[in-house]
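**Q** Structure below; questions to follow.
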Amino acid sequence: MNILNHWKMLDLITRDGESLVCVEGRVYGSNPRFPASSHIRTSPVTGYSVDANSMVIMTKRGSAYQLGKPDPSQTFAQQRLIRRLSRLGQIPAPGFNALETQLTGNLADFTSFSEHYDETVK
């Protein structure tokens, strides 16, 4: 599996007003399409999974990337990415454990915020 290091989340808006989340960073792995340490931008993120040691994102084109170290300028990058994906209605893969993501606060607060966000966008 390819690993993205020095990654950051990109919050994008299409011409049609659709919100998308992509991730860019330096990719490492055995994929011959990417020379070692190539800087890439993923297609839109469609899902993710989190375990105690790592986060894996899935993209619209069917690729999976393990997220390594984020860009140093991106504080709480993984938590911000999870929160943003939840607002877009992206659901975690089965086995998601909110406690392991280091999210703070009540998870229900994120759900109600997400619902409020959807109403304001429409």
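**Q** Given the Cα-Cα distance of residue 37 and residue 20 and 0.36 nm per residue of separation, how much length would full extension add, in nm? Spell out each step's value before the answer.
**A** On the way: separation 17, 0.36 × 17 = 6.12 nm, distance 2.47 nm.
In short, 3.7 nm is gained.
**Q** Scan the stretch 1-98 for trypsin sites (Lys or Arg not before Pro) in coil per DSSP, keeping those whose Cβ has at most 15 other Cβ atoms within 10 Å, and list them by number. Walk me through the numbers before you get to the answer.
**A** Working: sites: 8, 15, 26, 33, 41, 60, 61, 80, 83, 84, 87; in loops: 15, 33, 60, 61.
Taking the stretch 1-98 and a limit of 15 other Cβ atoms within 10 Å, the loop trypsin sites (Lys or Arg not before Pro) found are 15, 33, 60, 61.
**Q** Additional query: Under a Cβ-Cβ cut-off of 10 Å, what is the net charge of the residues other than residue 25 that fall near it, where Lys and Arg count +1 and Asp and Glu count -1? Intermediate results must be reported in sequence, preceding the final value.
**A** On the way: positive: 8, 26, 41, 69; negative: 24, 71.
It works out to a net charge of +2.
**Q** OK, next. What's the local net charge at residue 72, with K and R +1, D and E -1, over the other residues with C-beta under 15 Å away?
**A** Numbers: positive: 8, 26, 69, 80; negative: 24, 71.
Within the 15 Å Cβ shell, the charges total +2.
**Q** Can I ask one more? Considering amide H positions built from the backbone, and no H for Pro or chain starts, which residues 5 or more places from residue 55, or on another chain, come under 5 Å of its amide H?
**A** 67
**Q** Mind jotting down the distance between the C-alpha centroids of the stretch 1-42 and the stretch 43-92, whole Å?
**A** Using only Cα atoms, the two centres lie 11 Å from each other.
FYI, it's all coordinate maths here, none of it is from the lab. Small disclaimer: the values here were computed from a predicted structure and weren't measured. FYI the Cβ positions are ideal-geometry reconstructions off the backbone, even for glycines, and counts take in every protein chain you see.
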